[in-house]
Each structure stands twice: as structure tokens, then as C-alpha cells.
Amino acid sequence: MIASVLTAACLAAGGSVVLVTAHIASAENSTVSGRPRAAADHGDTRIPGTGVVTQGDPAAGEVLTGALGSGDRSGATTFAYAGDSITARTDSWLHVLEPDTRFHALGGYAHSGYRADQVLHEVRPVPGAAVLVVEVGTNDVTQAIPTATTIANVDAIVRRVGAPHTLVVAGPPSDWTTSPWGADRRTGQLALSRALGQDATAHGWSYVDPFVEFRQPDGSWVRGASPDGIHGSAATNVLVARAMAEAIAKASH
């Protein structure tokens, strides 16, 4: 629905704003020709109160913040989001869900390549959101951050946003068993997802694994479900969005 793309320019697109910028690769895509690429801070320009995404270079850091969705959303289930590229990418579950008028994303913060502590630093309270969807930790695993640290930051994100209900999302599968930080990303994702589920149970929050049908027993992606071994394909994300929609609706009660 974007009429055109202008480098370093903003366009109106269905009530949202798309910002095209160039960035160094995120931690999630931090290898080039088999060699580690250094992670970098992302100095994205963001416009509060609007859906903002950075795109262009496939290695760009994508940022999403503000409300999403247009049209009559009266009676919609309202939610906020806090995430990394699984939420921020232009073909993510959140963008698939955006046209569904049964739901209304009132705001939040998601940034490709960001750890949980970095999302915590940026996210703010989202008044009116019935549910907070927390999808973080993939980059913590990649960078060998202790699981307990990630969980503490998840809890802090929940407190900061202040929604009455919380939905914690499992980490995605991974075809990668190494990282520039020496982490086994596949087993690390499995361990983090178990910890996220336990944390949600301990706090009385909801928990969902929208990737269950795409995860093989060893934690890798089902063949054909991911183009890079990290993120789901556009087709995969359509089905992930369906699982997320059902989970958000249930979490709101």
C-alpha cells in the first residue's frame, strides 16, 4: 500500500509513516560472507504516535513505534507491543494483523536487533491498551545474555507499559547453532522459551508459542518456513499472526 519509496523520506501510507534509512546490520543478521559484522547502535528517527518502520537495505535495523491500523476500531481488542525484529519487520505477524479491525495496536516499541534491555530503555506506557504483547529475547540469546537477565528485563518492560494483561511470546526456532558471541542460538532459544513460559505462569500472565507448528524437535525451523534460519517467511507469518490474534483475544479477558 506504499505508493513509492524515497530514500531518507517519509511517505503517508494508510495512516502510517514509512521511514527509509540505511543502517549497519543488526545483531540478528551480523555475519557477512561467514565473517562477523560488528553490532551498532541504531540512531533511527522516529515519529511518536505513528507507525514508523525503517526499511530499504535488507540488513537495515527496522523500528516500529506508535499506533497501527486505520478505520473504525470501536470495540476492538486493544494492545501494546514490545519486541525485536520478529515484531518490527515489514512482513511480521503484527503487520499481518494490522488490517484486522477486531484488534487495535495503540502503541509500543519494536526494533530489529535489540535486546530486551534496549527495548526496555525505549518503551513507554501505552494508555488504553488492554494487553501488552512481549516478544523479546532473540538477540539476548545471540549475544549470550544470561537468561535470568533477560527475564528480569521482560518483567521490567511489563511494569513500565502498565497494561492490565500481559501476553508473553515464545522465541522463534533457529537454524543457527553459533553466533559471533559464541552462543548456540538454537538451544538458547529453547531454554529462553521455557524460562519465558515459567515466568508468565509465575506472574499469572498469558503465554503463547505461535511457532509450534514450525519448530522441529531439535529447535530448528521446519524446512521452507524460514528464508534465513532466523525469521519466518511471509507465508509463515500469516499463520503466526492467526495464532497471535487468538492469543491476544484470550489474554484480554
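The values are calculated or read from the model by the stated rules, or taken from the named source; none is laboratory data. This structure is a prediction, so every number in the text was calculated from the model and none was measured. Using ideal geometry, Cβ is built from the backbone for each residue, glycine included, and neighbour counts are taken over all protein chains shown. For accessibility, only protein heavy atoms count, side chains too; no ligands or nucleic acids. Shrake-Rupley method; radii C 1.70, N 1.55, O 1.52, S 1.80 Å.
Of the set (1) in a helix (DSSP H, G or I); (2) touching a Ser or Thr at 6+ places or on another chain (Cβ under 7 Å); (3) open to solvent by less than 20 Å² (accessible area, probe 1.4 Å), all apply to Pro173 but (1). Going through region 99-140 one residue at a time, which ones are open to solvent by less than 20 Å² (accessible area, probe 1.4 Å), of a type outside the set (Gly, Ala, Ser) and either touching a His at 6+ places or on another chain (Cβ under 6 Å) or over 17 Å from Ala88 (Cβ atoms) (or both)? If the condition is that a residue be open to solvent by less than 20 Å² (accessible area, probe 1.4 Å), of a type outside the set (Gly, Ala, Ser) and either touching a His at 6+ places or on another chain (Cβ under 6 Å) or over 17 Å from Ala88 (Cβ atoms) (or both), then Phe103, Val131 are the ones that fit.
Within the option set Val168, Val240, Val212, being among the aliphatic types (A, V, I, L, M) and in contact with a Pro (Cβ under 9 Å, 6 or more places away or on another chain) holds for one residue only, Val240.
Out of Asp218, Asp228, report the one residue that is assigned to a loop (DSSP other than H, G, I, E, B), touching a residue at least 40 places away in the same chain (Cβ under 8 Å), open to solvent by 40 Å² or more (accessible area, probe 1.4 Å) and over 21 Å from Thr150 (Cβ atoms). Spell out the reasoning first.
On the way: Asp218 fails: touching a residue at least 40 places away in the same chain (Cβ under 8 Å).
Answer to the selection: Asp228.
Every condition in (1) of a type outside the set (S, T, N, Q); (2) under 19 Å from Phe103 (Cα atoms); (3) in contact with a Pro (Cβ under 9 Å, 6 or more places away or on another chain) holds for Arg186 except the one numbered (2). Listed by first and then second residue, the pairs with beta-carbon distance under 7 Å, at least 6 apart or on different chains, first residue in region 70-96 and at positive phi, second at pLDDT 95 or above, are Gly71/Thr101.
Per this entry, Ala170 is counted among residues that are at pLDDT 95 or above and either within 23 Å of Ala247 (Cβ to Cβ) or among the polar types (S, T, N, Q) (or both). Could you check, for region 181-198, whether at least one of its residues is assigned to a loop (DSSP other than H, G, I, E, B), within 22 Å of Glu62 (Cβ to Cβ), modelled with pLDDT of 95 or more and open to solvent by 20 Å² or more (accessible area, probe 1.4 Å)? Yes, region 181-198 contains at least one residue that is assigned to a loop (DSSP other than H, G, I, E, B), within 22 Å of Glu62 (Cβ to Cβ), modelled with pLDDT of 95 or more and open to solvent by 20 Å² or more (accessible area, probe 1.4 Å).
Taking the condition within 10 Å of the chain's Cα centre (by Cα), of a type in the set (A, V, I, L, M, F, W, C) and under 18 Å from Thr142 (Cβ atoms), does Ala116 pass?
Values: within 10 Å of the chain's Cα centre (by Cα): no; of a type in the set (A, V, I, L, M, F, W, C): yes; under 18 Å from Thr142 (Cβ atoms): yes.
So Ala116 fails the test.
Residues in region 242-253 that are surrounded by fewer than 22 Cβ atoms within 10 Å (Cβ to Cβ), part of a helix (DSSP H, G or I) and not basic (Lys, Arg): Ala243, Ala245, Glu246, Ala247, Ala249.
Look through Ala152, Ala235, Ala148, Ala202 and report the one residue that is under 22 Å from Leu94 (Cα atoms), open to solvent by 10 Å² or more (accessible area, probe 1.4 Å) and in a helix (DSSP H, G or I).
Values: Ala152 fails: under 22 Å from Leu94 (Cα atoms); Ala148 fails: under 22 Å from Leu94 (Cα atoms); Ala202 fails: under 22 Å from Leu94 (Cα atoms).
Only one candidate qualifies: Ala235.
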